[in-house]
Every structure is written in structure tokens, then in C-alpha cells.
Amino acid sequence: MLEAKNVKKSFDGFRALKGIDFSVEKGDRVAVIGPSGSGKSTFLRCLNYLEKVDGGEIIIDGTRIVSEEKGKAVYIKEEEVRRATAKLGMVFQNFNLFPHLSVLENITIAPRCVLKREKAECEEQARELLNKVGLLSKAESYPGELSGGQQQRVAIARSLAMNPQILCFDEPTSALDPELTGEVLKVIKSLAEEDMTMVIVTHEMGFAREVAGKVVFMDDGEVVATGTPEEILLHPKEERIQAFLNKML
Ligand code: ADP
Ligand code: MG
């Protein structure tokens, strides 16, 4: 469903991604862990076309959006890249809701404006999604009236409204007070139980162990190891992973 091969990305000569290989099959739940600054967010942003890679390949649902020719990244037509990357939903650390739009409008704006769907149909779907994340009563509220946990649940509903094939989370609970993380993790867990394909960058090791089928450990712009939660989180062979996990305890 998603494949990245040898993906490279530099910022002013700083190599943030040094050749990432990564793949996601339908129904996979992949947790991406690793120290701060290891390139996790940059990698997700490259997958979602929020950043352009410098080299390597990204294939989304059979469409190769970028390939490498003579050491340079070559993208297919912008419109086709957008069509492919629209299959990936993204939930950010800081929710990124539109503050001047109601909860319902936040969820319906992209389906209406990007997918050109009918307002009534979008609103019906939005209410179903709000019900799913336990926030139907907040449809007419504004983001500023909600707690961080509620805002993040709205952000998840907003992503789902675009019917993504893969939902990507970038540290969805890192900006939340500890007492609010549970409600967000619960929603993500319920999506996992519905067999949603997901990539989750997280520092919540217990959650990663519970939900993920596959764990990818990144450090210093590289994938150091990929394996089952048991292999990576319980019996890591690499010293770098052991050191990281010890620090998390
Ligand atoms: P992580 O999400 O694992 O904490 P990031 O992907 O955010 O790591 O960052 C990886 C490295 O790339 C860091 O050293 C960060 O400072 C750098 N970086 C990320 N985005 C930019 C940018 N837009 N400009 C310059 N450096 C960046
Ligand atoms: Mg990050």
C-alpha cells in the first residue's frame, strides 16, 4: 500500500533522512519510535508531500510519486502526486484545527472544497464521525472552547472525513496534558480494531506495544531496526534501542 525506498532529505546540507526504507501493507499498524530529532516527522511529511524528498522513491497504492534519476528526485505531475497523497490522512501533534471554524465546519471543509461533495452529505458523515470520537454534542463548538484532547479527537474525525486509506499520526498525544492522552489513545485504538491501516509516530511505548503489529526504530536519520513489538520493545538487540528505551522508563 505504501513503500519508501532509500528516501533522502537534507535541510541546508544537514542530512535529516539518510536513506529510509519503509513499507506498509493493508491493515498494518506501524509504530515509529526514536529519539527527538531522528527524522520521524520529516519522514511523515515527505510521505504526505508536505516536504519534497531529495532522492529515493515513494510508492502509494501503486503510484510511484517520486523516483530517483541521476541522483535527483523526480516527481510525477503535481496533480497526480496530490491524488496519490490524498490517500494518506495526517493527524498532527498540535491538532491544527481552523480556529475560526466550528467543529462541524472543520470536518466538512475539505470534503466539500477538495472532494466537491454535497454539504448535507458531508455534514451527515461529520456527525457520524463525531459520534465515533465521542464528540457529537460539540458539533457547533469552536476549537477554542474544547480541551486539547477533544481538539485532537476532532482532528482525527477531520482526517477520517477524507476517507484515507492510511492514517498517519505524528505524536498525537505529545501536546496533551497527561490526563487527556487516554481519551485520544482510546479513539486510535478503536480505529485499530476496525482494521484501519495506520502509521503512528509515538513516545507512548505501552500504547505502541498494545496497538502496533510492527515497530520501526529511527535514529539519526536512519531506520535502525524494524520488527515486532516484542523484538524491538522487549528484546532489542541494538544498543541504541536499549539506551533509548531505558531513557523512556
Ligand atoms: P523528530 O520528529 O524525529 O523529532 P524531525 O523530523 O522533526 O525529528 O527533525 C529531524 C532533524 O531535521 C532535526 O535535526 C531537525 O532540526 C531537522 N529539521 C526538520 N525540519 C527542518 C526544517 N524545516 N529546516 C531545517 N531543519 C529541519
Ligand atoms: Mg517529530
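Quick test of your reading of the structure: A31 fulfils all but one of (1) among the small types (G, A, S); (2) farther than 20 Å from V184 by Cα; (3) out of contact with any Leu (no Cβ under 7 Å at 6 or more places or on another chain); (4) within 16 Å of ligand 2 (Cβ to nearest atom). Name the failing condition by number.
The one condition A31 does not meet is (2).
Specify the residue that is nearest to C113 (Cα to Cα); the eligible residues are those in the range 159-184 that are of a type in the set (D, E, K, R) and away from ligand 2 (no atom under 16 Å from the Cβ). Show your work before the answer.
Here is the first cut: in the range 159-184, the residues of a type in the set (D, E, K, R) are 170-171, 177, 179, 183.
Adding the requirement that they be away from ligand 2 (no atom under 16 Å from the Cβ) leaves 177, 179, 183.
On the way: D177: 33, E179: 35, E183: 30 Å.
Restricting to residues being of a type in the set (D, E, K, R) and away from ligand 2 (no atom under 16 Å from the Cβ), the top hit is E183.
Just need a number here: residues in the range 25-62 that are out of contact with any helix residue (DSSP H, G or I) (no Cβ under 7 Å at 6 or more places or on another chain), more than 7 Å from ligand 1 (Cβ to nearest atom) and in a loop (DSSP other than H, G, I, E, B).
8
Quickly run through the range 155-173 and pick out the residues that are more than 16 Å from I200 (Cα to Cα) and part of a loop (DSSP other than H, G, I, E, B).
Residues satisfying the conditions are A161, M162, N163.
Residues in the range 77-114 that are open to solvent by 80 Å² or more (accessible area, probe 1.4 Å), more than 24 Å from L180 (Cα to Cα) and within 21 Å of the chain's Cα centre (by Cα): how many?
So the answer is 3.
Have a look at F14, F22 and point out the one that is without any contact (Cβ under 8 Å) to a residue 40 or more places away in the chain, away from ligand 2 (no atom under 14 Å from the Cβ) and among the hydrophobic types (A, V, I, L, M, F, W, C).
Values: F22 fails: without any contact (Cβ under 8 Å) to a residue 40 or more places away in the chain.
The match here is F14.
The values are calculated or read from the model by the stated rules, or taken from the named source; none is laboratory data. Note that the structure is a prediction, hence the values are computed from the model and not measured. Here the Cβ is made from the backbone with ideal geometry for all residues, glycine too, and neighbour counts use every protein chain on show. Just so you know, the surface numbers come from the protein's heavy atoms only, side chains and all, with ligands and any DNA or RNA stripped out. Shrake-Rupley method; radii C 1.70, N 1.55, O 1.52, S 1.80 Å.
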